[in-house]
Amino acid sequence: MDRKIPRPEHPKPQFERSDWQNLNGAWNFAFDDQNLGEKDKWHKKEELEEKIIVPFSFETKASGIADRSEHNFIWYQRKFRVEVDSEKKIILNFGAVDYKTKVWINGRFAGSHSGGYDSFAFDISDFVDYREENNLVVKVEDSRSKSQPRGKQTYKNDNFLCWYTRTTGIWQTVWLEYVDQNLYLRDLKITPDIDQSEVELDYFFNAVDFGTGNYKLLTTIEFEGKKITEFEFEITKANYKLKINVEDENNELKLWYPDSPNLYDLKLTLFRDNEVVDQLSSYFGMRKISIEADQILLNNQPFYQKLILDQGYWPDSLVTPPSDQAIKKDVELAKKMGFNGARKHQKIEDDRFYYWADKLGLLVWAEMGSTYEFSEQAVENFSLEWQRVVKELYNHPSIVCWVPFNESWGIEAVKSNKKQQSFTESIYQLTKSIDSERPIISNDGWEHTTSDIITFHDYVESIDKLRQTYLEKIDKLLANKEVFNDQVYIEGGKFIMADNYDYQGQPLLFSEFGGVAFQNKEGWGYGEQVQTKEELFQRIEKLMVLIKEAEYFRGYCYTQLTDVEQEKNGLLDENREFKLELEKIKELNQIVDI
């Protein structure tokens, strides 16, 4: 087994602490199918039977195990040494683990977490031996429960249609951070205001005692290596909120656009009694997303979104990107094909994806993985994790839309059920309480409740039927007088608005269409499979011409970037090889020339 550390880069470029240690690589591992590990005190074990490469789940080839059968109780174990003395606290971080996690250090319980998409951390300072090796043991519990947010992970025995192999356990980077024993910066919320040429910085500190030592924080803002401003303040409480002008010496502001993704660098230096005890780096983009009447505005100007549906799967590593370069390549490919954004579908992605979208200039819709039943447990699971996700991703300028629900998954009766409608309302308002700037789509595709944008999903192959729906009967459709044409993957049609909700002039966006399968008899796509590149081009071309004629659309999202397991309808195959020439795809995107 290769012991080279996979995914060695820092997992959080927007909160990159200089003093850190990557724990990816070879760990010991064991299945616990009878769930006897805790009873038998596996948390005290010095070694487990098998080996696994973290951060890849045991279902993947990259993990070294490649077992795609169901194992709902698993254990990890490894030794580590801390690289600092006892003057530092030690924070153990997990990028994401699916689904329930328990952690022990040297046989002592350190903490637990539930949720498959958000990061979490434990202060393990009290459990660590600073001079000797330490024993880290992790237990993960997963299930096929429809009440946990699972996205595209199958909830049946096997894959089916567009639901894929499950992910169980650690699937993102694990790392240690070393911070001051008494006080450290826990979080930083960054809010740009281009109208005032300001950025609001909201600092959150953890401290044992604010009266211990003289602490101050120095913040430096730079653009392309040139200092814009620098300031410091003494730390005597847990939270500070400051608004800072970021115009340069020529009173200019560098705005963030997909074509010019300007980023300001942040350097944060913590002093205790005038000695440096902590350093972090971050960045931000001066970007505004807003809605006026039926227009979506980027930096106060109408902006047409050309999105690609991106599910973020790889053949050998499934939901875990195999490398940082692989993430960057996907962003670059989307841009080269003429798309200016991506709808990251049914997955909260590795943070490095949002970093590359920020840096290279790709708009992103952030969409939560769905539950698949409505229950009080599902509501609790979803609400708690979604709240954490929104906070975690808030600072990324590339993210321009929140999508908590998709196609009524997990809220199947939302069209008429008031309790399910109230759930979507609560998530809408909860999201607005954290982020009042970005638009929210209440239920992407159909049966919208309160929603800032109204979206359509339609895979009907017949152009005549689509023309009838979107060019001849759009007014009736929006008034809930007409249902969608039958979809390939559901029975019957869908209303655009849920009962007791009216269309109120929001922007309209065609957020799923296409999905044309090409040259793969064992896979599937939407509609009849095409046999030649010419057929593929012509079928997509007809769809793009229709979208152009529907002048009220403010954007579109084509399905999809790559094939995913049995779903063979990507513009690229799983290995990122083009099915249609790059120039041809660019030509298709240029049909809607807005």
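The values are calculated or read from the model by the stated rules, or taken from the named source; none is laboratory data. What you are looking at is a predicted structure, and each value in this text was computed from that prediction instead of being measured. A quick note on method: Cβ atoms are made from the backbone with ideal geometry, for glycine too, and the neighbour counts reach across all protein chains shown.
Here are the numbers for the structure shown:
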| item | result |
| --- | --- |
| All positions within the stretch 1-37 that are exposed (fewer than 13 other Cβ atoms within 10 Å of the Cβ), assigned by TED's automatic domain parsing to the domain that holds Glu50 and aliphatic (A, V, I, L, M) | Leu36 |
| Boolean, Asp195 is modelled with pLDDT of 95 or more, farther than 30 Å from Gly515 by Cβ and either assigned to a helix (DSSP H, G or I) or under 20 Å from the mean Cα position of the chain (by Cα) (or both) | no |
| Residue among Val319, Val379 that alone is farther than 30 Å from Leu201 by Cβ, in contact (Cβ under 8 Å) with a residue 40 or more places away in the chain and surrounded by fewer than 23 Cβ atoms within 10 Å (Cβ to Cβ) | Val379 |
| Residues of the stretch 448-464 classified as modelled with pLDDT of 95 or more and among the charged types (D, E, K, R), total | 1 |
| Answer residue from the stretch 115-140, given it is aliphatic (A, V, I, L, M) and touching a residue at least 60 places away in the same chain (Cβ under 8 Å) and is surrounded by the fewest Cβ atoms within 10 Å (Cβ to Cβ) among those | Leu136 |
| Residues within the stretch 557-586 that are of a type in the set (Val, Ile, Thr) and not in a strand (DSSP E or B), tallied | 1 |
| Filter result for Trp446 (of a type outside the set (Asp, Glu), assigned by TED's automatic domain parsing to the domain that holds Val379 and in a loop (DSSP other than H, G, I, E, B)) | yes |
| Flag for Phe484 being touching a helix residue (DSSP H, G or I) at 6+ places or on another chain (Cβ under 8 Å), modelled with pLDDT of 95 or more and closer than 27 Å to Thr450 by Cα | no |
| Test result for Trp386, more than 18 Å from Asp310 (Cα to Cα), touching a residue at least 12 places away in the same chain (Cβ under 8 Å) and in contact with a Ser or Thr (Cβ under 8 Å, 6 or more places away or on another chain) | yes |
| Residues (over 30 Å from Arg186 (Cβ atoms), in a loop (DSSP other than H, G, I, E, B) and aliphatic (A, V, I, L, M)) located in the stretch 16-66 | Leu36, Leu48, Ile65, Ala66 |
| Evaluation of Gln346 against (1) in contact with a Ser or Thr (Cβ under 8 Å, 6 or more places away or on another chain); (2) within 24 Å of Ile585 (Cβ to Cβ); (3) outside any loop (DSSP other than H, G, I, E, B); (4) of a type outside the set (A, V, I, L, M, F, W, C) (one fails), failing number | (3) |
| Residue match in the stretch 99-115 (condition: of a type in the set (Gly, Ala, Ser), over 20 Å from the mean Cα position of the chain (by Cα), under 23 Å from Arg17 (Cα atoms) and modelled with pLDDT under 95) | no |
| Matching entry among Gly505, Gly570, Gly527, Gly523 (being surrounded by fewer than 20 Cβ atoms within 10 Å (Cβ to Cβ), of a type outside the set (D, E, K, R), in contact with a Ser or Thr (Cβ under 9 Å, 6 or more places away or on another chain) and more than 18 Å from Asp444 (Cβ to Cβ)) | Gly527 |
| Residue match in the stretch 531-549 (condition: modelled with pLDDT under 95, of a type in the set (S, T, N, Q) and either closer than 19 Å to Asp310 by Cβ or surrounded by fewer than 22 Cβ atoms within 10 Å (Cβ to Cβ) (or both)) | yes |
| Number of the exception - Asn106 against (1) surrounded by fewer than 16 Cβ atoms within 10 Å (Cβ to Cβ); (2) within 26 Å of Lys39 (Cα to Cα); (3) without any contact (Cβ under 8 Å) to a residue 40 or more places away in the chain | (1) |
| Search result, residues across the stretch 46-61 that are surrounded by fewer than 19 Cβ atoms within 10 Å (Cβ to Cβ) and at pLDDT 95 or above | Glu50, Lys51, Lys61 |
| Inter-residue pairs, beta-carbon under 8 Å, first surrounded by fewer than 14 Cβ atoms within 10 Å (Cβ to Cβ) and in the stretch 454-472, second part of a helix (DSSP H, G or I) and of a type outside the set (Ser, Thr, Tyr), 6+ apart | Ile463/Lys542; Ile463/Leu543; Ile463/Leu546; Leu471/Leu546; Leu471/Glu549 |
| Among (1) out of contact with any strand residue (DSSP E or B) (no Cβ under 6 Å at 6 or more places or on another chain); (2) touching a residue at least 40 places away in the same chain (Cβ under 8 Å); (3) small (Gly, Ala, Ser) - the single one Ser69 does not satisfy | (2) |
| Neighbours by Cβ (under 8 Å, 6+ apart or cross-chain): first from the stretch 142-171, free of Cβ contacts under 8 Å to residues at least 60 places away in the same chain and more than 15 Å from Tyr99 (Cβ to Cβ); second aromatic (Phe, Trp, Tyr) and buried (at least 18 other Cβ atoms within 10 Å of the Cβ) | Lys156/Trp163 |
| Residues satisfying the stated conditions in the stretch 515-550, i.e. touching a residue at least 40 places away in the same chain (Cβ under 8 Å), of a type in the set (A, V, I, L, M, F, W, C) and either farther than 17 Å from Glu577 by Cα or not assigned by TED's automatic domain parsing to the domain that holds Leu571 (or both) | Trp524, Ile540, Leu543, Met544, Val545, Leu546, Ile547, Ala550 |
